[in-house]
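The values are calculated or read from the model by the stated rules, or taken from the named source; none is laboratory data. Please read all numbers here as calculations on a predicted model, not as lab measurements. Note: ideal-geometry Cβ built from the backbone for every residue, glycine included; neighbour counts use all protein chains shown.
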Amino acid sequence: MRLSTNADLLVVGTREPVRAGPYIAGSVSHYCISHASCPVVAVPEQLPHPQYDLSDQSIRQHDFAVAAAS
């Protein structure tokens, strides 16, 4: 996580739930969230039947994460 000290944002993928749920101990996403020196965005894998949150806040958060990862 040494490189995160100079980063503005870290984006990681995860197969785990992102909504304030527990993360599996030992997973890469859990390690990054716990140890990074910068903000972390955890992007969950797409579910077979996704339920989309189309609120204005959700769309702004999505756009921010996509722009930051580009």
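Determine the pairs where a residue that is under 20 Å from L3 (Cα atoms) and part of a helix (DSSP H, G or I), located within the range 21-39, has a partner that is of a type in the set (D, E) and at pLDDT below 75 with Cβ atoms under 8 Å apart, the partner being 6 or more residues away or on another chain.
That search, which allows pairs on different chains as well, returns S29/E16; H30/E16.
So H62 passes all but one of these: (1) at pLDDT 70 or above; (2) outside any helix (DSSP H, G or I). Which condition number does it fail?
Tallying (1) at pLDDT 70 or above; (2) outside any helix (DSSP H, G or I), H62 fails exactly one: (2).
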